[in-house]
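Participant: First the structure, then my questions, so here it is.
The values are calculated or read from the model by the stated rules, or taken from the named source; none is laboratory data. As the structure is a computational prediction, the values presented were derived from the model and not from experiment. Positions of Cβ are backbone-derived with ideal geometry, glycine not excepted, and every protein chain shown enters the neighbour counts. Keep in mind that these areas ignore ligands, DNA and RNA; they rest on the heavy atoms of the full protein, side chains included. Shrake-Rupley method; radii C 1.70, N 1.55, O 1.52, S 1.80 Å.
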Amino acid sequence: MSLKLKAALAAVMACALAACGDRDTQVGEFSNDLLGNEIMVEALPDPDIPGVVCHVAYFDRSMLDRIRQGNWFENPSNSAVSCQRIGPINLAGIESSRSGEEIFNQRTSLFFKNTAIRRILDLQNRTILYVSHSRELVEGSAKMDISSVPLTEAEIATAR
């Protein structure tokens, strides 16, 4: 394969990966190192609980790092989540099983890796938990982060 063809293929792959994120929710980004890698920060309102917003930070590899590493198709699985109350919380109709409900899913590779956020209600401890985790077919999803939002007795009563 010619060098020109490899460069064109790399540009196409970079554009495809850039399309994986949702830039409408992006609230911040900053350079992480001299290679141009960035930390991206997105605000993700809980789609079923308007009184909660989560902020997710994740790593976005630069073109230079992709060339250096030889891995064109994915970003690292690292992410962090922090969620907070921004208004009233009503839990009517919210999934309350132990496995909770996935509320966000974003592709972090061209093929098989996603980063997801799952909401779990812990009514016994008056808390909504948000777990950010990576989903990979080959290596599992060992990288995760967790955030919690405390609930009042009145808010817990809306879940029953």
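Participant: Would you check if GLY87 is modelled with pLDDT under 95 and surrounded by fewer than 17 Cβ atoms within 10 Å (Cβ to Cβ)?
Facilitator: no
Participant: Taking the residues in the range 28-48 that are part of a loop (DSSP other than H, G, I, E, B) and open to solvent by less than 40 Å² (accessible area, probe 1.4 Å) as candidates, determine which candidate is nearest to GLU95 (Cα to Cα).
Facilitator: ASP46
Participant: Hey, among SER134, SER147, which residue is open to solvent by less than 50 Å² (accessible area, probe 1.4 Å), hydroxyl-bearing (Ser, Thr, Tyr), modelled with pLDDT of 95 or more and assigned to a strand (DSSP E or B)?
Facilitator: Testing whether each residue is open to solvent by less than 50 Å² (accessible area, probe 1.4 Å), hydroxyl-bearing (Ser, Thr, Tyr), modelled with pLDDT of 95 or more and assigned to a strand (DSSP E or B) leaves just SER147.
Participant: To continue, here is another question. Out of all the residues in the range 103-124, is one or more loosely packed, with under 14 Cβ neighbours inside 10 Å, more than 20 Å from the chain's Cα centre (by Cα), modelled with pLDDT under 75 and farther than 19 Å from VAL41 by Cβ?
Facilitator: No, the conditions are met nowhere in the range 103-124.
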